[in-house]
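Here's the structure, in C-alpha cells; my notes come after.
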Amino acid sequence: MEFFLSLCLGIGLAACSGFRVFVPLLLSSIAVHFGWVTVASGFEWMGTWTAITLLGTATVLEIGGYYIPWVDNLLDTIALPTAFAAGTLLTTSFIEINNPMLQWGLGLMVGGGTAGFIQAGTSMVRLASTKLSGGVANPVVATVENIVSIGFSFITFWFPIIAFSLVVIFIFWLLRKILQRQSKTNS
C-alpha cells in the first residue's frame, strides 16, 4: 500500500508541474524539510534550505513571468521539457524501489509523461487564448493555472489517491477533447 500511495503522490505532483513547473517542486521541498513526507534514498537534498531557496526563487520568477505578455510565450516554449523533467524527478523521488533503473524508468514514463501531457494541454489553452484575445486573456489563464497548481499540490499531499484519480480523469477528458478536435478537422 505504501508503494501505491507514494506513486499516487508522485503522479499527482507531476501533474501539478504540468501547470507550473516549480510550484510542486517547492512545496515538496518544504514538505520534505519539515518531515511531512519522506522521499526515497538519495533525494534528501530536496529538503535542504538551499533547495527551498532556489526553488522558491524559480517559483516566483515563473509565476511572475506568466503575467508578462512576451515572457509567457517564451516560458511555454521551455516549459514542456522542464515540466517533463520535474514530473520525472517528483515521481522518482517519492517511489522507493531497490532497482534504480526501474525507479527512474517508472518516474520517467509515468511522472514525466503525465507532466508533459498536462503541460502540452496548458500550452494549447494559452495558444488559443492568445489567438482569440490577442493575449489579453493570458493573465486570466495564468491565474487559473497558478491556482490549480498550488491547490492541487496541497490536495495531492493530503489525499494522494483522490489526486491520482482526478489526474486520470483529467487526462482521459483531455484526450477525448483532442480526439474530438482532430475528428472535426478531418471531416
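The values are calculated or read from the model by the stated rules, or taken from the named source; none is laboratory data. Predicted model only: the values in this text are computed from it and were never measured. Heads up, the Cβs are rebuilt from the backbone with ideal geometry, glycines too, and the neighbour counts pull from every protein chain shown. With ligands, DNA and RNA removed, areas are computed over all heavy atoms of the protein, side chains included. Shrake-Rupley method; radii C 1.70, N 1.55, O 1.52, S 1.80 Å.
Below is a table of values for the structure above.
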{"read-out": "Test for Thr59: is it free of Cβ contacts under 8 Å to residues at least 60 places away in the same chain, of a type in the set (Val, Ile, Thr) and outside any helix (DSSP H, G or I)", "value": "no"}
{"read-out": "Filter result (under 15 Å from Leu55 (Cα atoms) and touching a Gly at 6+ places or on another chain (Cβ under 6 Å)) within the stretch 12-28", "value": "Ser17, Leu26"}
{"read-out": "Subset tally (residues that are assigned to a helix (DSSP H, G or I) and open to solvent by less than 70 Å² (accessible area, probe 1.4 Å)) for the stretch 135-149", "value": "9"}
{"read-out": "Selection count where residues are within 14 Å of the chain's Cα centre (by Cα), open to solvent by 30 Å² or more (accessible area, probe 1.4 Å), β-branched (Val, Ile, Thr) and under 17 Å from Val37 (Cα atoms), scope the stretch 151-168", "value": "1"}
{"read-out": "Residue among Leu61, Leu75 that is within 18 Å of Cys16 (Cα to Cα), aliphatic (A, V, I, L, M), under 19 Å from the mean Cα position of the chain (by Cα) and open to solvent by 60 Å² or more (accessible area, probe 1.4 Å)", "value": "Leu61"}
{"read-out": "Residue in the stretch 87-103 that is of a type in the set (Phe, Trp, Tyr) and open to solvent by less than 40 Å² (accessible area, probe 1.4 Å) present", "value": "yes"}
{"read-out": "Residue, modelled with the highest pLDDT, within the stretch 9-25, restricted to residues that are small (Gly, Ala, Ser) and closer than 16 Å to Tyr66 by Cβ", "value": "Ser17"}
{"read-out": "Filter pass, Thr53 being over 22 Å from Asn138 (Cα atoms), open to solvent by 40 Å² or more (accessible area, probe 1.4 Å) and assigned to a loop (DSSP other than H, G, I, E, B)", "value": "no"}
{"read-out": "Odd one out for Thr88, checked against (1) more than 18 Å from Ala14 (Cβ to Cβ); (2) in contact (Cβ under 8 Å) with a residue 40 or more places away in the chain; (3) part of a helix (DSSP H, G or I)", "value": "(1)"}
{"read-out": "Yes/no for Met109 being exposed (fewer than 13 other Cβ atoms within 10 Å of the Cβ) and over 22 Å from Leu27 (Cα atoms)", "value": "yes"}
{"read-out": "Among (1) in contact with a Gly (Cβ under 9 Å, 6 or more places away or on another chain); (2) small (Gly, Ala, Ser); (3) surrounded by fewer than 19 Cβ atoms within 10 Å (Cβ to Cβ) - the single one Gly42 does not satisfy", "value": "(1)"}
{"read-out": "Failed condition for Leu90, given (1) at pLDDT 95 or above; (2) more than 21 Å from Gly47 (Cβ to Cβ)", "value": "(2)"}
{"read-out": "Condition check for Thr130: farther than 22 Å from Phe22 by Cα, part of a helix (DSSP H, G or I), in contact (Cβ under 8 Å) with a residue 24 or more places away in the chain and of a type outside the set (D, E, K, R)", "value": "yes"}
{"read-out": "Residue in the stretch 1-29 that is nearest to Ile147 (Cα to Cα), counting only those that are out of contact with any helix residue (DSSP H, G or I) (no Cβ under 6 Å at 6 or more places or on another chain) and of a type in the set (A, V, I, L, M, F, W, C)", "value": "Leu7"}
